[in-house]
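Below is one structure; the comments refer to it alone.
Every number here is computed from the coordinates shown, using simple stated rules; none is lab data. Values in this document were obtained by computation on a predicted structure and should not be read as measured data. Every residue, glycine among them, receives a Cβ derived from its backbone with ideal geometry; neighbour counts consider all protein chains shown.
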Amino acid sequence: MDSFHLKMQLKILAGDEPVLGPGLVTLLTHIQTTGSLRRASKAMGMSYAKCWRILAHAENTFGKSLTKKTIGGPQGGSSCLTPLALNLMARYEAFSTQSAAAVQQLYETIFLSDPDLSKILAPTSTPKE
């Protein structure tokens with residue numbers, strides 16, 4: 001039997017459209033690591049156009065740039081993150097981490113405090129060989 005566990009994904013919406021969540025944060029992290037949107041898209045296994053749309057949507061929604069771009073040159077273009085992008089990433093990660101801890105505590109309080117449910121839902125450890 002599979003063990004039960006929680007999975008949570010937080011997204012901040014503008015209207016009905018996600019504007020900040022794990023997708024944008026992952027993209028920004030790859031831009032920071034690789035130094036370009038094109039290399040970030042390759043690292044993520046996504047098309048450049050899709051990554052560009054995600055970034056453009058966020059920038060249009062926030063009304064501010066999340067990257068500083070250098071066009072062309074012998075090595076090709078490059079991108080680095082703006083202070084706003086770095087701030088959003090850091091705060092999203094803190095928000096996500098603290099939310100996960102709070103949800104875990106609620107799960108334990110609400111579900112695992114019930115003796116019948118805790119027998120079913122409690123995480124089980126597999127014996128090590």
**Message:** P(r) for segment 61-116, please, calculated from all Cα pair distances in 10 Å bins and given in %.
**Reply:** 20, 25, 21, 16, 12, 6, 1
**Message:** Could you list I12, I54 so that the one with the fewest beta carbons within 10 Å of its beta carbon is first and the one with the most is last?
**Reply:** I12, I54
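With Cβ to Cβ distances under 15 Å as the rule, what net charge do the other residues near A101 carry (K, R +1; D, E -1)? Write down the numbers at each step before the final one.
On the way: positive: K7; negative: E93, E108.
The answer is -1.
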**Prompt:** For the chain, what are the DSSP H helices with axial Cα length of 20 Å or more and mean Kyte-Doolittle hydropathy of at least 0.5?
**Reply:** none
**Prompt:** Stretch Y107-K64 to full length: gain in nm at 0.36 nm per residue minus the Cα-Cα span?
**Reply:** 11.7 nm
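Quick check: residue separation of K119 and I12 times 0.36 nm, minus the Cα distance between them. What number comes out in nm? List each step's numbers first, then the result.
Numbers: separation 107, 0.36 × 107 = 38.52 nm, distance 3.50 nm.
So the chain would gain 35.0 nm between K119 and I12.
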**Request:** Would you grab the residues whose amide H sits under 5 Å from the one on I12? Only those 5+ places off in sequence or on another chain, please, with H modelled 1.01 Å from N.
**Result:** V19, L20, G21
**Complete:** Interchain or sequence-distant (5+) residues whose placed amide H lies within less than 5 Å of the amide H of T82 are T67, K68
**Request:** Determine, for K69, K7, the number of other Cβ atoms within 10 Å of each Cβ, and report the residues in order from fewest to most.
**Result:** K7, K69
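In the neighborhood of L84, defined by Cβ-to-Cβ distances under 14 Å, what is the net charge if each Lys or Arg adds +1 and each Asp or Glu adds -1? Mind dumping the intermediate values first?
On the way: positive: K64, K68, R91; negative: E59.
With Lys, Arg at +1 and Asp, Glu at -1, the net is +2.
Please report, to one decimal in angstroms, the Kirkwood hydrodynamic radius of segment 12-121 built from all distinct Cα-Cα pairs.
On the way: mean 1/r = 0.0626 Å⁻¹.
Roughly 16.0 Å, rounded to one decimal.
Return R39, R53 ranked ascending by Cβ neighbour count within 10 Å, so the fewest neighbours appear first.
Least to most surrounded, the residues fall as R53, R39.
Test of understanding: what is the full-extension gain from Q98 to K42, defined as 0.36 nm times their sequence separation minus their Cα-Cα distance? Present the calculation step by step, with values, prior to reporting the outcome.
Details: separation 56, 0.36 × 56 = 20.16 nm, distance 3.06 nm.
Answer, rounded to one decimal: 17.1 nm.
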